[in-house]
Amino acid sequence: MSMPLRHWLTLPLRYYVPLALALIAAMIILFTPASGVPSGFTHSDKIIHFTLFFALAYTSRVAAVSALRTVLWTTTFAIASEILQAVLPLGRSGSLLDAAFDVAGAAVGCSLPRAWFRFTPL
């Protein structure tokens with residue numbers, strides 16, 4: 001038996017849209033074939049990984065996903081994305097360092113809303 005959609009969406013839709021957009025952006029950025037990825041300065045991809053997973057975790061927390069669930073799903077997504085980059089015919093490679101920057105960005109993005117909302121009235 002399925003739950004009504006309203007049961008799962010406890011907040012107004014505007015709280016979930018940023019998470020959906022961040023996830024779509026992540027899928028595009030992480031799984032674009034190497035031929036379509038612009039080159040930047042050395043290690044610019046680490047900044048992109050950190051920022052991307054920061055956005056995913058931050059928007060997840062704003063959408064009222066618990067900190068534990070946010071850490072679990074972003075860490076799982078970070079590891080899975082690096083494995084998929086290594087095995088899919090995208091011309092890209094998986095990297096433990098990229099995964100570390102993913103997890104670091106997610107950790108900062110997960111903790112920031114709590115610190116922000118503690119000092120900001122809703």
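Of note:
- Two-site FRET efficiency, Ser44 against Leu11, from Cβ-Cβ distance with R₀ of 41 Å, rounded to 0.05: 0.75
- Where the stretch 6-88 is the region considered: accessible area per residue in Å², 1.4 Å probe: 62
- Computed lengthening from Ser35 to Ala20, 0.36 nm per intervening residue step minus Cα-Cα distance: 2.8 nm
- Seen from Ile29, the other residues with C-beta closer than 15 Å to its C-beta sum to a net charge of -2, counting Lys and Arg as +1 and Asp and Glu as -1.
- When the chymotrypsin sites (Phe, Trp or Tyr not before Pro) in the stretch 17-106 are filtered for DSSP coil states and for at most 14 other beta-carbon atoms within 10 Å of their beta-carbon, the remaining sites are Phe41.
- Computed over protein heavy atoms with a 1.4 Å probe, the carbon and sulfur contribution to the accessible area of the stretch 17-102 reaches 77%.
The values are calculated or read from the model by the stated rules, or taken from the named source; none is laboratory data. Computed from a predicted model, the values in this text were never measured in an experiment. Cβ atoms come from the backbone with ideal geometry, glycine included; neighbour counts cover every protein chain shown. When the accessible area is computed, the model is the full protein with side chains, heavy atoms only, and any ligands, DNA or RNA have been set aside. Shrake-Rupley method; radii C 1.70, N 1.55, O 1.52, S 1.80 Å.
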